[in-house]
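What follows is a short report on a single structure.
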Amino acid sequence: MTEDFYCDEVLSGRTEVRVVRETDNVLAYHHTRPFWPVHIVVIPKRHVSSLLTIDDDALLLELLSVVRDVAREVLEEHGACRVLTNLGKYQDSKHLHWHVSFG
């Protein structure tokens, strides 16, 4: 079994995060080790391994809604925004997550 930082650390509360937005099923927070000046991570609150394995359309819509809202805020504040998710070998943590960033 591979380590899942999001379940093991963030969702368990062992690693404290600065929350940007939270719903019943989704958490958006400032990255704990940001790569860009603005670097926000959006995750489901339950384990989903990747975009290709999510089988709950309502959860997917809720995730995308939060990603959209956070991206809109970053775009309005900075004039640009990057939104990405990784799959396969590019995905370091096998927990579905989006990066919303600027810089």
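Please treat every number below as a calculation from the coordinates, not as lab data. For clarity, every value in this text was computed on a predicted model and none was experimentally measured. Cβ coordinates were reconstructed from backbone atoms using ideal geometry, including for glycine residues, and neighbour counts include every protein chain displayed.
Residues in the stretch 30-60 that are of a type outside the set (A, V, I, L, M, F, W, C) and closer than 12 Å to residue 98 by Cβ: 31, 39, 44, 50. Filtered by the rule that a residue be under 13 Å from the mean Cα position of the chain (by Cα) and within 15 Å of residue 36 (Cβ to Cβ), the stretch 63-84 gives 70, 71, 82, 83, 84. If you go through the stretch 43-65 one residue at a time, do you hit one that is surrounded by 13 or more Cβ atoms within 10 Å (Cβ to Cβ), of a type outside the set (S, T, N, Q) and assigned to a strand (DSSP E or B)? Yes: the stretch 43-65 contains one or more residues that are surrounded by 13 or more Cβ atoms within 10 Å (Cβ to Cβ), of a type outside the set (S, T, N, Q) and assigned to a strand (DSSP E or B).
If you go through the stretch 1-42 and keep only what is among the β-branched types (Val, Ile, Thr), farther than 15 Å from residue 74 by Cα and assigned to a strand (DSSP E or B), you end up with just 26.
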